[in-house]
Amino acid sequence: MTRVLAIETSCDETSAAVLDGTGDSTSLRSLVILSQDVHRVYGGVVPELASRAHLTAIEPVTRRALAEAGADLESVDVFAATMGPGLVGALLVGVGFVKALAFARQRPLVGVHHMEGHLFATSLEHAQAVPPFTALLVSGGHTLLMDVEAWGRYRILGRTRDDAAGEAFDKVAKKLGLPYPGGPHLERLAKDGRAGRVRFTRPMLRKNQTPSDPDYYDMSFSGLKTAVVTEIGKSEIENGKSKHAADIAFAFQDALVETLVEKTARAAEQYRRDRVVLGGGVACNKTLVNAMTERMATLGANVYAPTARLATDNAAMIARAALFHFEHGRRDGLDLNAYATLAIPGLIA
């Protein structure tokens, strides 16, 4: 049994977690996530403010995670942190902190790719969410469609060519006058929308596409976002907001969700996977999960999605990925660095 203490500081959540485990048999002893509300004032994450907030929060967040786990630093076997991708200043806070702990305790150190962490997150709640499976990672900064042959062996099939799905949610929500982060608010507003009042084209989704086409799995949401902004401009304004805001929100979410679902269905069918795993902040969108579940049932595939706590950026998923790499011989030195952009390890053709 190996005990991992992990830190996640890639964006605007300061998180620490303690996890015990061997292989796919793990026990999450504690998870603490502290979100930075200051960014609501600006309608988006301000990198410098995020870094400063991490500096203030990282020590008490780690202490609390250890206390809730009934553990201390001496009992930790491996220290881990997100090394990228993300806001490099924010990442450096977590990486520097963990390197100091590993050096002081003379314990192994493992750096983890943020998006690989999201691949592991759902398995902490669903024992069946293990390879092989089709993965859809949807967050504010990334949209990736992958075939996961085994832990550590990943095939990227498609990705967004511009805006990430979560970014599109937030930008459209802002145009509709909704608070930040906009995704959950837009989903709630869309429930009051009426189907058919407004319709947007499903981007890069055509029936005559084949697996050999370069856009068969890829996605694009910039044009959809522009179409929404145009529609808002044409609609009547009432009390400073679009009179048909709910209908527009419904149509936008409907177009984005159908695109994600159909692209994922293509991947699951092509690679004959009977499991689909969702990850990232948008993975807790109930409309997406329900639509994905219904569509995958026609292919005989099960869908596994994380709860909101493990869908957001969190240290539990970093601990789980670190455990895998540690058990497979990975050890990082004190020269471990942080990277704003970083390729996912274990990619295969």
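The values are calculated or read from the model by the stated rules, or taken from the named source; none is laboratory data. Keep in mind the model is a prediction, meaning the values are calculated, not measured. In this analysis, Cβ positions are derived from the backbone assuming ideal geometry, glycine residues included, and neighbour counts consider all displayed protein chains. When the accessible area is computed, the model is the full protein with side chains, heavy atoms only, and any ligands, DNA or RNA have been set aside. Shrake-Rupley method; radii C 1.70, N 1.55, O 1.52, S 1.80 Å.
All of (1) out of contact with any strand residue (DSSP E or B) (no Cβ under 7 Å at 6 or more places or on another chain); (2) over 21 Å from P184 (Cα atoms) hold for L310 with one exception: (2). As for the range 102-110, it holds at least one residue that is in a strand (DSSP E or B), in contact (Cβ under 8 Å) with a residue 24 or more places away in the chain and under 18 Å from F324 (Cα atoms).
For beta carbons closer than 8 Å, sequence separation of 6+ or different chains, a first residue in the range 320-341 that is under 16 Å from F97 (Cβ atoms) and a second that is in a helix (DSSP H, G or I) and small (G, A, S), the qualifying pairs are L334/A102; A338/G94.
The number of residues in the range 46-79 being within 15 Å of S15 (Cβ to Cβ), buried (at least 16 other Cβ atoms within 10 Å of the Cβ) and of a type in the set (V, I, T) comes to 3. If G182 satisfies every condition in (1) touching a residue at least 60 places away in the same chain (Cβ under 8 Å); (2) buried (at least 22 other Cβ atoms within 10 Å of the Cβ) but one, which is the exception? Result: G182 passes all but (1). Pairs linking a residue in the range 24-45 that is in contact (Cβ under 8 Å) with a residue 40 or more places away in the chain and of a type in the set (D, E) to a residue that is in a loop (DSSP other than H, G, I, E, B) and open to solvent by 60 Å² or more (accessible area, probe 1.4 Å), with Cβ atoms under 8 Å and 6 or more positions apart or on different chains, are D24/A127. Output the qualifying pairs, or none if there are none: Cβ atoms under 6 angstrom, residues six or more apart or on different chains, first residue in the range 187-212 and without any contact (Cβ under 8 Å) to a residue 60 or more places away in the chain, second residue open to solvent by less than 100 Å² (accessible area, probe 1.4 Å) and in a loop (DSSP other than H, G, I, E, B). Short answer, once both residue conditions are applied: P203/S220; M204/D215; M204/S220; Q209/Y216.
The set of residues in the range 19-30 being open to solvent by less than 50 Å² (accessible area, probe 1.4 Å), in a strand (DSSP E or B) and within 15 Å of F120 (Cα to Cα) consists of L19, D20, G21, T26. The number of residues in the range 268-319 being among the small types (G, A, S), at pLDDT 95 or above and open to solvent by 50 Å² or more (accessible area, probe 1.4 Å) comes to 2.
Scanning the range 80-94 for residues that are farther than 8 Å from I7 by Cα and either more than 18 Å from the chain's Cα centre (by Cα) or without any contact (Cβ under 8 Å) to a residue 60 or more places away in the chain (or both) yields G89, L92, V93.
Please determine whether any residue of the range 215-223 is within 19 Å of L260 (Cα to Cα) and charged (D, E, K, R). Yes, the range 215-223 contains a residue that is within 19 Å of L260 (Cα to Cα) and charged (D, E, K, R). Hey, any hits in the range 173-186 for a residue that's among the aromatic types (F, W, Y), under 20 Å from K263 (Cβ atoms) and in a loop (DSSP other than H, G, I, E, B)? Scanning the range 173-186, I find no residue that is among the aromatic types (F, W, Y), under 20 Å from K263 (Cβ atoms) and in a loop (DSSP other than H, G, I, E, B), so the answer is no. When you scan the range 217-231, do you find a residue that is among the basic types (K, R), exposed (fewer than 14 other Cβ atoms within 10 Å of the Cβ) and farther than 23 Å from F133 by Cβ, even just one? No, the conditions are met nowhere in the range 217-231. Restricting attention to the range 141-156, the residues that are closer than 21 Å to D213 by Cα and either surrounded by fewer than 21 Cβ atoms within 10 Å (Cβ to Cβ) or among the basic types (K, R) (or both) total 2. If you filter the range 80-101 down to residues that are in contact with a Phe, Trp or Tyr (Cβ under 7 Å, 6 or more places away or on another chain) and surrounded by 24 or more Cβ atoms within 10 Å (Cβ to Cβ), you find that the one that is farthest from T341 (Cα to Cα) is V98. Residue-level check: of (1) under 30 Å from F103 (Cβ atoms); (2) outside any loop (DSSP other than H, G, I, E, B); (3) without any contact (Cβ under 8 Å) to a residue 40 or more places away in the chain; (4) of a type outside the set (A, V, I, L, M), T293 misses just (1). Taking every residue in the range 59-74 that is in a loop (DSSP other than H, G, I, E, B) and pairing it with any residue that is open to solvent by less than 80 Å² (accessible area, probe 1.4 Å) and not charged (D, E, K, R), at least 6 positions away or on another chain, the pairs with Cβ-Cβ distances below 7 Å are A71/V18; D72/L66.
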